[in-house]
Amino acid sequence: MLKDITLGQYYPADSILHKLDPRVKLFGTMIYIISLFSFRGIPAFVLATIFLISIIRISKVPFSYMVKGLKSIVVLMIITGIFNLFLTQGEVLVQIWVFKITYEGIKNAVLMVVRLIYLIIGTSLMTLTTTPNQLTDGLEKALMPLEKIKLPVHEIAMMMSIALRFIPILVEETDKIMKAQMARGADFESGNIIKKAKAMIPLLVPLFVSAFRRANDLAMAMEARCYHGGHGRTKMKPLAYGVADRKAYVVLVVYFVLMLVLRFVWVRFVG
Amino acid sequence: MKEQNIIEAKGLVHEYIRRDEEGNVEAIQTALDHVNLDVRPGQFIAILGHNGSGKSTLAKHINALLAPTEGTLYVDGKDASKEENVWDVRQSAGMVFQNPDNQIIASVVEEDVGFGPENIGVPTEEIWQRVEESLKSVGMLEYRTHSPNKLSGGQKQRVAIAGVMAMKPKCIVLDEPTAMLDPLGRKEVLKAVRALNKQAGVTIILITHYMEEVVNADYVFVMDEGKVVMKGTPRSIFSQVEELQEYRLSVPQITLLAHELKKSGLPIPDGILTRDELVEALLSVGQQ
């Protein structure tokens with residue numbers, strides 16, 4: 001049951017999006033999120049939709065995979081919708097007791113829910129087309145300038161990739177400890193939340209002990225293989241921009257400029 | 001001229017000092033007690049000993065993970081106790097540990113093998129070449145893009161060996177590499193180690209408590225309570241069954257059987273290591 005957990009939910013496929021440099025995808029996701037929360041008006045909304053649909057098409061990832069990501073935030077979407085619906089001041093359309101639904105409320109609620117949906121689909125497109133390792137590599141390279149202000153960028157990236165490597169191992173270990181405890185009569189399933197939380201203690205203590213032991217072993221193994229931080233280190237798979245990456249950057253910049261222009265025009269002439 | 005020893009230990013002592021909260025010495029445990037060890041390049045050395053005999057401590061010295069309290073240790077002509085030599089020593093003497101999971105760093109096989117060369121600053125193209133060569137040398141080339149989590153214990157351990165090989169060491173120290181493996185995995189790993197010794201000419205130091213694994217070694221050291229108590233060829237070591245049992249080592253069944261047969265009066269030679277040897281010895285007894 002615990003083995004089903006997958007992190008990073010990478011979907012292997014042969015598409016342009018999969019082959020792009022992770023830095024491009026990180027930058028693209030950032031641009032896209034900014035554009036989502038700054039756009040105004042129907043034309044900009046249409047443009048964002050076209051952009052999203054085209055990258056979904058390019059990615060070759062089945063749409064159902066993205067919808068899966070949406071399920072986890074249904075509650076959040078409902079709450080956001082309700083708050084916007086009832087708490088926005090403006091022209092009252094319907095009034096039930098103290099609750100009133102305004103025209104602006106409906107507009108805001110729809111807008112926020114759509115934004116959230118687009119946000120989730122957009123970001124999950126990045127994680128679906130990028131392996132966790134590529135992501136850490138991309139982050140490391142993209143954040144390299146911060147090394148100048150003494151931020152240990154390489155070390156953070158190394159920690160992330162080691163964490164990713166050990167998640168399945170620790171999950172398996174949790175499973176093993178759980179079964180061992182259950183064999184001796186431990187009960188993880190019944191009772192209220194407090195009782196369940198208490199039942200977790202005999203699970204977490206051995207797990208932590210073992211994690212520390214593993215960390216110790218791993219540190220020694222890394223040292224034995226001459227690991228001494230990022231200094232003087234070469235890369236087996238160095239990141240390098242290709243033609244497709246440059247084109248992607250151009251597309252992203254054009255998209256962003258268009259969104260900004262549409263926002264400006266809308267605010268100026270429509271209100 | 002005498003060939004230079006790749007590992008040369010003289011009067012090596014290591015003490016683990018346990019301190020209480022104020023930093024006062026509470027207990028001193030001598031893990032290595034004046035150990036002398038000479039290893040020539042290309043040899044296959046086995047170090048035997050039960051748990052707590054100091055064999056792992058010795059291994060960590062060869063890789064400069066621990067510094068000696070007393071005595072000297074030279075690895076490939078360099079003093080392993082000097083801080084400035086640490087990286088050179090670790091490069092010329094690679095180390096494989098017991099737990100296969102806790103020594104694989106990357107989540108793809110080939111990236112893990114590339115980790116060592118990356119650390120010592122090998123150029124990118126050469127890393128790829130070394131990764132391919134070392135994966136081939138342990139027979140794991142077809143798994144290069146797999147995740148280590150999906151491999152068996154023996155395969156993981158072979159990946160770990162490849163990771164060390166990619167640093168082109170002169171010598172590999174294997175600290176109980178088969179202790180956590182099933183019999184099949186154990187066989188796989190030993191076969192790979194032997195092939196490296198024979199084909200690539202890498203010096204092997206195999207630390208173990210399974211006596212079956214040392215049969216093919218050139219030279220065997222037996223350790224007990226931090227001291228080297230016996231040394232010699234496998235045959236000469238195995239002919240001293242009673243002494244081995246005294247050091248809490250389990251003698252291989254064949255050797256034990258031969259020993260018991262001899263004790264009860266059959267005229268067969270000492271130090272029988274394999275089943276074939278025993279069969280032959282018994283046949284010659286029958287003919288007489």
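Could you tell me whether B:GLU26 is charged (D, E, K, R) and free of Cβ contacts under 8 Å to residues at least 12 places away in the same chain? Spelling it out, B:GLU26 is indeed charged (D, E, K, R) and free of Cβ contacts under 8 Å to residues at least 12 places away in the same chain.
In this structure, A:LYS141 does satisfy being out of contact with any strand residue (DSSP E or B) (no Cβ under 6 Å at 6 or more places or on another chain), assigned to a helix (DSSP H, G or I) and buried (at least 17 other Cβ atoms within 10 Å of the Cβ). Counting only helices (runs of 4 or more DSSP H) that sit wholly inside the stretch A:32-102, those with at least 3 residues that are of a type in the set (Gly, Ala, Ser) are A:42-59.
Inside the stretch A:205-240, residues that are away from every other protein chain (no Cβ under 11 Å) and either among the β-branched types (Val, Ile, Thr) or open to solvent by 80 Å² or more (accessible area, probe 1.4 Å) (or both) make up a count of 4. Tally time: how many residues in the stretch A:177-204 are assigned to a loop (DSSP other than H, G, I, E, B) and either within 14 Å of chain B (Cβ to nearest Cβ) or open to solvent by 40 Å² or more (accessible area, probe 1.4 Å) (or both)? Adding up the residues that qualify gives 7.
Entry remark, the stretch B:11-38: residues being in contact with a helix residue (DSSP H, G or I) (Cβ under 9 Å, 6 or more places away or on another chain) and either of a type in the set (Gly, Ala, Ser) or crowded, with 18+ Cβ neighbours inside 10 Å (or both) number 6 in total. Taken together, A:VAL243, A:VAL254, A:VAL171 contain a single residue that is more than 30 Å from B:ALA64 (Cα to Cα) and within 14 Å of another protein chain (Cβ to nearest Cβ), which is A:VAL171. Applying the condition of being open to solvent by 90 Å² or more (accessible area, probe 1.4 Å) and basic (Lys, Arg) to the stretch B:243-288 and asking which residue is nearest to the chain's Cα centre (by Cα) yields B:ARG248. Return yes or no: is A:ALA157 under 30 Å from B:GLU83 (Cβ atoms), more than 10 Å from chain B (Cβ to nearest Cβ), in contact (Cβ under 8 Å) with a residue 12 or more places away in the chain and part of a helix (DSSP H, G or I)? Yes, satisfied.
The set of residues in the stretch B:178-205 being surrounded by 15 or more Cβ atoms within 10 Å (Cβ to Cβ) and farther than 17 Å from B:VAL159 by Cα consists of B:THR203, B:ILE205. Restricting the stretch B:95-105 to residues that are in contact (Cβ under 8 Å) with a residue 24 or more places away in the chain and at the interface with another protein chain (Cβ under 7 Å from one of its Cβ atoms) leaves a set whose member that is nearest to A:MET158 (Cα to Cα) is B:GLN103.
Considering each residue of the stretch B:149-158 in turn, none proves to be over 22 Å from A:PRO168 (Cβ atoms) and either of a type outside the set (Gly, Ala, Ser) or open to solvent by less than 30 Å² (accessible area, probe 1.4 Å) (or both). Residues in the stretch B:120-150 that are part of a loop (DSSP other than H, G, I, E, B) and not small (Gly, Ala, Ser) were compared, and the one that is farthest from the chain's Cα centre (by Cα) is B:PRO123. When the stretch B:165-201 is filtered for residues that are within 14 Å of chain A (Cβ to nearest Cβ) and more than 18 Å from B:SER56 (Cα to Cα), the ones remaining, listed by number, are B:MET165, B:ALA166, B:MET167, B:LYS168, B:PRO169. When each of A:THR174, A:THR129, A:THR123 is tested for being surrounded by 19 or more Cβ atoms within 10 Å (Cβ to Cβ) and in contact (Cβ under 8 Å) with a residue 12 or more places away in the chain, the lone residue that passes is A:THR129. Filtered by the rule that a residue be of a type in the set (A, V, I, L, M, F, W, C), within 28 Å of B:LEU256 (Cβ to Cβ) and not in a helix (DSSP H, G or I), the stretch B:187-211 gives B:ILE204, B:ILE205, B:LEU206, B:ILE207. In the stretch B:255-288, of all residues being assigned to a helix (DSSP H, G or I) and small (Gly, Ala, Ser), the one that is farthest from B:VAL241 (Cα to Cα) corresponds to B:GLY286.
Of all residues in the stretch B:55-94, exactly one satisfies the criterion of being in contact with a Gly (Cβ under 6 Å, 6 or more places away or on another chain) and open to solvent by 20 Å² or more (accessible area, probe 1.4 Å), namely B:GLY71.
Go through the residues of the stretch A:242-251 one by one and say whether even a single one is open to solvent by less than 70 Å² (accessible area, probe 1.4 Å) and assigned to a loop (DSSP other than H, G, I, E, B). Looking for residues that are open to solvent by less than 70 Å² (accessible area, probe 1.4 Å) and assigned to a loop (DSSP other than H, G, I, E, B), one finds at least one in the stretch A:242-251, hence yes.
The values are calculated or read from the model by the stated rules, or taken from the named source; none is laboratory data. Computed from a predicted model, the values in this text were never measured in an experiment. No Cβ is skipped: glycine too gets one built from the backbone with ideal geometry, and neighbour counts run over all protein chains shown. The accessibility values were calculated without ligands, DNA or RNA, using every heavy atom of the protein model including side chains. Shrake-Rupley method; radii C 1.70, N 1.55, O 1.52, S 1.80 Å.
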